[in-house]
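Please treat every number below as a calculation from the coordinates, not as lab data. These numbers come from a predicted model, not from an experiment. Cβ coordinates were reconstructed from backbone atoms using ideal geometry, including for glycine residues, and neighbour counts include every protein chain displayed.
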């Protein structure tokens, strides 16, 4: 029986229109609806399904971030995780936090909690880094199954089907391993109201990065955050000749 | 009547909770939901109430499915 560690991130809700701060230091997060990163929902669902199939003994949800991250952890608990660990990172430290720091925290925690499988979403929808799973695997020196679209338990390890360019790749890994969830791994369940209420009784442990001995100093500096360029308006040409002339002018033919 | 009271209240709460993510906004959803529930509040035939509760549960499932599909499509568009 394996113990599963799942990483969840609190991000701006996927349906919200993102606005950049006027001073270009980042995006507006105050008063904006936040929710669990959709790919992390898939990761939690996979862990919970492993538990339901009696492949896992315990599911631990982990989140790094400000105090509100606890709401995200409650959602994970409502979906079926057994307990949660909140690594409190607030203010300026959180703004410069990078996947490498999260990976270090996850690696340290999986050793402390004696986890056998680490599942994370393949990327967060706010920074789209797609690095945490890979870095965690490297730091732990465990095999990795990234972009998993199917995970099966075979006698001594896991058989993971990965989504790669133009097809699927099947790999076998030993346990312990790190998995990152792709979009088609499963359909995450909806955290219902009664389950959210029940989740409030499940244990949630608060820690800081310092407790784990992880240094959060930033390796990079954000210089400027800008809106993507606006699409130029098109024009209607009167006839084919003008169209061809315009295309030639633009160097397309 | 009292046997259904709890089921109806539970359904109302569940639907309200689901409405928080409604694409056109929570307020619209809440008003419509309130209207539908008050419209049928005079119903006293237990069998009809049963049918209505079943329908409400069906609607809740449909809303959940709608959200899932919406999220899936948004994520698919992203990559």
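For chain A, how big is the tail of P(r) above 27 Å, as a whole percent of Cα pairs?
42 percent
With just the Cα atoms defining each centre, how far is the stretch A:212-240 from the stretch A:191-206? Give it in Å.
One Cα centre to the other: 37 Å.
Taking every pair of distinct Cα atoms and averaging 1/r, then inverting, what Kirkwood hydrodynamic radius in Å comes out for chain B?
13.9 Å
Could you work out how far helix B:46-78 tilts from the main Cα principal axis of chain B, as a 0 to 90 degree angle to the nearest 10?
Computed tilt is about 10 degrees.
Roughly what angle does helix A:240-249 make with the longest principal axis of chain A, taking Cα atoms, 0 to 90 degrees, to the nearest 10?
Rounded to the nearest ten degrees, it is 70.
Largest first and in whole Å, what are the equivalent-ellipsoid semi-axes of the stretch A:89-221 based on the Cα gyration tensor, each being the root of 5 times an eigenvalue?
For the stretch A:89-221, the ellipsoid semi-axes come out as 26, 20, 17 Å.
Among A:31-42, B:23-34, how do they line up by average Cβ neighbours within 10 Å per residue, starting with the highest?
Packing order, densest peptide first, comes out as A:31-42, B:23-34.
Using the per-residue mean of other Cβ atoms lying within 10 Å as a proxy for protection, in what order, highest first, do the peptides A:59-65, A:133-139, A:92-98, A:162-168 fall?
Those peptides, ordered most packed to least, come out A:59-65, A:133-139, A:92-98, A:162-168.
If you take each beta carbon of peptide A:36-42 and count the beta carbons of other chains within 10 angstrom, what is the mean?
Mean shielding count: 1.
Across the residues of A:189-197, average count of Cβ atoms on other protein chains within 10 Å? Kindly include the intermediate steps, with their values, before the conclusion.
Values: counts 2, 10, 1, 5, 6, 4, 0, 1, 0.
Mean shielding count: 3.
Rounded to the nearest 500 deg cm²/dmol, what is the calculated helix-only ellipticity per residue at 222 nm for chain B, with -39500 (n - 2.57) per DSSP H run of length n ≥ 4?
Rounded to the nearest 500, the figure is -28500 deg cm²/dmol.
Under the definition of Cα pairs under 8 Å and six or more residues apart, what whole-number percent is the relative contact order of the stretch A:2-228?
The value is 26 percent.
Alpha carbon centre of the stretch A:115-161 versus the stretch A:1-70: separation in Å?
15 Å
What's the average, rounded to a whole number, of partner chain beta-carbon atoms within 10 Å of each residue's beta-carbon in B:13-21?
2
Tilt of helix A:69-79 relative to the longest C-alpha principal axis of chain A, in degrees (0 to 90, nearest 10)?
70 degrees
Please list B:12-18, A:179-185, A:121-127 highest first by mean number of surrounding beta-carbon atoms within 10 Å per residue. Don't jump to the answer; show the numbers that get you there.
Values: B:12-18: 16.9, A:179-185: 24.4, A:121-127: 21.6.
With the highest mean Cβ count within 10 Å placed first, the list reads A:179-185, A:121-127, B:12-18.
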